Amino acid sequence: MGYTAAWRGGTGWDNSSTVEDASRYERLCMERTTTAMKITKVETIVINMPMQLDGPVPMQGGQARTSIDMLLVRIDTDAA
């Protein structure tokens, strides 16, 4: 698998790059993704934020939508 462009950090895609540059980038990505790490802790936080509206209350599924529900998930690993 080869590419005709390579990612250049903050400058974006550089179309003048060679296939060798892209292959090197691809190899580096594969090396990084094969590093094993263990999940050491998973924490969930449920947040229910009331909505303060000036207009009509929005409806969702036939019910008034008066709050926004969110679930935050924190995952700790053994990676440094």
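Cβ-Cβ distances below 8 Å connect the following pairs, each with a first residue in region 68-79 that is under 9 Å from Lys38 (Cα atoms), a second residue that is modelled with pLDDT of 90 or more and acidic (Asp, Glu), and a separation of six or more residues or different chains: Asp76/Glu43. Residue pairs whose Cβ atoms lie under 7 Å apart, sitting 6 or more positions apart in sequence or on different chains, and linking a residue in region 16-31 that is among the β-branched types (Val, Ile, Thr) to a partner that is loosely packed, with under 10 Cβ neighbours inside 10 Å and at pLDDT below 70, are Val19/Gly2.
The values are calculated or read from the model by the stated rules, or taken from the named source; none is laboratory data. From a predicted model like this one, the values you see are computed outputs, not experimental measurements. Don't worry about glycine lacking a Cβ; one is built from the backbone with ideal geometry, like all the others, and counts go over all protein chains shown.
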